[in-house]
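Notes follow the structure.
The values are calculated or read from the model by the stated rules, or taken from the named source; none is laboratory data. None of these values were measured; they are calculated from a predicted model. Backbone-built Cβ (ideal geometry, glycine too); neighbour counts: all protein chains shown. Note: areas computed on protein heavy atoms with side chains; ligands, DNA, RNA excluded. Shrake-Rupley method; radii C 1.70, N 1.55, O 1.52, S 1.80 Å.
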Amino acid sequence: MYNDIDLDAVDLTIDAPETEPDRQYYFMAKARKMIQELAAKKGRNLTFYVKTFGCQMNARDSEKLVGILEKVGYVPSDSEEADFVIYNTCTVRENANNKVYGRLGYLNGFKKKNKEMLIALCGCMMQETEVVEKIKTSYRFVDLIFGTHNIYKFAELLVNALESDKMVIDVWKDTDKIVEDLPEERKYSFKSGVNIMFGCNNFCSYCIVPYVRGRERSREPKDIINEIENLVKDGVVEVMLLGQNVNSYGKNLENPVTFAELLKEIDAIEGLERIRFMTPHPKDLSDELIEVMKHSKKICKHIHLPLQSGSTKLLKAMNRQYTKEQYLALVDKIRKEIPDVALTTDIIVGFPGETEEDFLDTMDVVQKAEYDSAFTFIYSKRSGTPAAKMENQIPEDVVKDRFDRLLKQVQTIAAKKAERLTGKVEKVLVEEINEQDAHLVTGRLANNSVVHLPGNKDMIGKIYNVCLKECKGFYYLGETVE
Ligand code: 5AD
Ligand code: SF4
């Protein structure tokens, strides 16, 4: 386990080992020495700032970056005016890219004041050749670029960047490697994301993820269990199992395991109280999974089931591998087996070729599935994906009108659904002091809804029975009960 590694014991007089993770421990020791020397020269600690864009996968990756930065002696800074700044980027929609370009100019301002500042970019956007080219020509002050496949090499890349006065670029097309046992620094002490697999093989026609995250690779169950057991020892009560399509977990392992089997094993871990997962693909959500969820006390009764579109024609063009009817039948089955389940979804509006009739199919599914909440997205053309080449891209004003109608419908249904729990007593994991009112704490129900209740910081990380006194649409006001 990485916690046991003693960087003082690493011999830096020899060459770096070839095997992982030992090689990275070597570079951590080397980086630490360099940082100590730089700090002595400056007469102060060196600071870092990690900004994460995008999904929970990126958030988890950032925890690994922070783990290494802290291990080698950087201290966290509240602002981007730091000695080392990393942007962990997202490219799933175009505005995510634009945000990064916008902020880079602002970072350069800080670098002009602090010449030794290092700027690194990593994550999904860096997997795109055009992006790296653009940074090489227009943002030459960037020091380090790496991608999603070699994040485990961060300590080594950091040493390269510290030693070089040129831009260091290391982006891999794909990998079959999974390196275990590296440091991490969790954002929350009591809950954690846990990667169970990486990559995606589904190639939905609008989606860039399979191109930037590579092919599906599952971690071995024993490594996942081991990680969760260690997290629990360290105070974690809730885990979120992460994968682009958790339903295909374990298919390609030497000894194949299903996602439901993995869940059963995780369910048995003593001290763990809540299990969440994200994201299952509707095309292969198994009966076995529903069965395991139904009987588990720990697996939160919440399924995020991305719909994307309610039109069978569009679902085909999106390469989603299910029809409107199959999706609705799945929703019915889930609701029958797990009546108190919370269902949430992702929906894209304005996919190429979407007619008013297609859109009304989406509205129809939203009406019938009664989502507890939904993320709604305007279709964004990602070059390199099949959909980007499709004819019939939809005019902006039409998309905007549909988007507004959809959002209204989603919100009306969500508010109605939320109302159902008013007056009930539910378990709440308290997560933080309320941002607006320090006499309140904020926590989450098993179905992921937010609850504010009177409390104090000692409650953080613990689960309480809370009466949901009032529903405010997207959140509840509650009070603890015995
Ligand atoms: N345009 C808009 N939304 C997209 N998503 C993925 N690709 C695109 C795109 N090109 C949405 C999907 C997915 C979520 C994570 O992002 O709804 O489920
Ligand atoms: Fe993208 Fe589809 Fe894979 Fe999800 S399942 S990451 S939407 S390709």
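Remark: the stretch 329-482 carries 52 Å² of accessible area per residue (probe radius 1.4 Å; ligands, DNA and RNA excluded). The helix-only estimate of mean residue ellipticity at 222 nm for the chain, built from DSSP H runs of length n ≥ 4 each weighted as -39500 (n - 2.57), is -11500 deg cm²/dmol after division by the residue total. Measure nothing fancy, just the Cα-based angle from helix 154-163's long axis to the longest principal axis of the chain, in degrees from 0 to 90, nearest 10. Helix 154-163 and the main axis of the chain meet at about 40 degrees. The long axis of helix 56-71 is offset from the longest Cα principal axis of the chain by roughly 20 degrees.
Each semi-axis of the equivalent ellipsoid for the stretch 380-435 is √(5λ) with λ an eigenvalue of the Cα gyration tensor; in descending order they amount to 38, 18, 11 Å. Expressed as a whole percent, the accessible surface of the stretch 146-251 that belongs to carbon and sulfur atoms is 46, based on a 1.4 Å probe.
For the stretch 43-146, what is the relative contact order in percent, using Cα pairs closer than 8 Å and at least 6 residues apart in sequence? RCO, the stretch 43-146: 27 percent. Here Met34 and Ala59 are evaluated by their C-beta separation; at R0 = 30 Å the FRET efficiency comes out at 0.60. When only Cα pairs below 8 angstrom with a gap of at least 6 residues are kept, the stretch 103-197 shows a relative contact order of 24 percent. As an equivalent ellipsoid, the stretch 49-151 spans semi-axes of 19, 18, 12 angstrom, where each value is the square root of five times an eigenvalue of the C-alpha gyration tensor, largest first. With pairing defined as another cysteine C-beta under 4.7 Å, the cysteines of the chain that fail it are Cys55, Cys90, Cys122, Cys124, Cys200, Cys300, Cys467, Cys471.
With a 1.4 Å probe and all protein chains in place, put Lys381, Lys71 in order of accessible area, largest first.
So, going from the largest accessible area down, we get Lys381, Lys71.
Coordinate range of the alpha-carbon atoms in the chain per principal axis, descending: 65, 60, 50 Å.
Can you tell me the dipole magnitude for the chain around its Cα centre, using point charges on the Cβ only (Lys, Arg +1; Asp, Glu -1), in Debye to the nearest 20? Charge dipole, the chain, about its Cα centre: 1080 debye, nearest 20. Calculated over the stretch 291-359, the projected area of the Cα convex hull averaged across directions stands at 5.0 nm².
Protein heavy-atom accessible surface, 1.4 Å probe, per residue over the stretch 139-257: 40 Å². Residues within the reach of a label modelled at Lys134 (point 7 angstrom out along Cα to beta-carbon, backbone nitrogen below 18 Å), restricted to the stretch 63-107, are 87-107. Pairs of Cα atoms under 8 Å, at least six residues apart: use those to get the relative contact order of the chain, whole percent. That works out to 9 percent. Once the Cα atoms are used to define both axes, helix 22-42 deviates from the longest principal axis of the chain by about 70 degrees.
By accessible area, using a 1.4 Å probe on protein heavy atoms only, the stretch 328-482 has 52% of its surface on carbon and sulfur.
Quick one: ranking Thr412, Thr258 by accessible area, 1.4 Å probe, largest first, what do you get? Can you show the working numbers first?
Numbers: Thr412 90, Thr258 50 Å².
The residues order as Thr412, Thr258, largest area first.
If you take the Cα atoms of the stretch 241-337, find Rg, then find the Kirkwood Rh from the mean of 1/r over all pairs, what is Rg/Rh? Ratio value, two decimals: 0.99. Shown here: the stretch 163-249, whose C-alpha atoms stretch 41, 39, 22 Å along the first, second and third principal axes, sorted largest to smallest.
How much accessible area per residue does the stretch 1-78 have, in Å², with a 1.4 Å probe?
Values: 4010 Å² over 78 residues.
On a per-residue basis, 51 Å².
The Rg/Rh ratio for the stretch 356-457 is 1.13, where Rg is the radius of gyration of the alpha carbons and Rh is the Kirkwood radius. In whole Å, how far is the Cα centre of the stretch 384-427 from that of the stretch 100-161? Distance between centres, Cα-based: 34 Å. Binning all Cα-Cα separations of the stretch 5-58 at 10 Å, short to long from zero, yields these whole-percent fractions: 20, 33, 33, 13, 0. The stretch 194-223 and the stretch 315-370 have Cα centres spaced 23 Å apart. If Lys and Arg each add +1 and Asp and Glu each add -1, what is the summed charge of the other residues whose beta carbon sits under 13 Å from the beta carbon of Glu216? With Lys, Arg at +1 and Asp, Glu at -1, the net is +2. Taking the inverse of the mean reciprocal distance over all distinct Cα pairs, the Kirkwood hydrodynamic radius of the stretch 152-200 comes to 13.9 Å.
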